[in-house]
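Notes follow the structure.
Each value in this text was obtained by applying a stated rule to the coordinates, not by laboratory testing. Every value quoted in this text rests on a predicted model; they were computed, and no experiment measured them. Every residue, glycine among them, receives a Cβ derived from its backbone with ideal geometry; neighbour counts consider all protein chains shown.
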Amino acid sequence: MKKTIAKKIYDTETASVVKKVTSGYFGDPAGYEETLYITPDGSYFLYTNGGEASVHPTEEIKRMSKATAERWAAEN
């Protein structure tokens, strides 16, 4: 997935995975995944996607500061 936020492109194809968390099983309407990425220039973003009854019912990318990304990684 690719998304432009504040004139910066965040792309799951060109970024590296830092950590991935999944909940549920494939096809679970309440299941979801959260993946923390780092871009080649050192920016962080969180990719989320899930079933229709999950906390992430649509595919989304959210930019994160380094401190927020480190906190998310430590807590998950």
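The figures follow:
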read-out	value
Positive-pole candidate from I38, H56, A73, dipole of the chain, charges at beta carbon	I38
Angle between the chain longest axis and helix 66-75 axis [Cα atoms, degrees, rounded to 10]	30 degrees
Spacing of the two label points (7 Å from each Cα toward its C-beta) at K66 and K7, in nm	2.2 nm
Zone residues, the stretch 11-30, relative to V55, backbone N less than 18 Å from point 7 Å out along Cα-to-Cβ	19-26, 28-30
Reported label for calculated Rg and Dmax of the Cα atoms in Å given (1) 12.4, 35; (2) 15.4, 42; (3) 11.5, 35	(1)
20 Å Cα-Cα reach of K2 towards aspartates and glutamates, excluding residues that sit fewer than 8 places from it in its own chain	D11, E13, E33, E34, D41, E59, E60
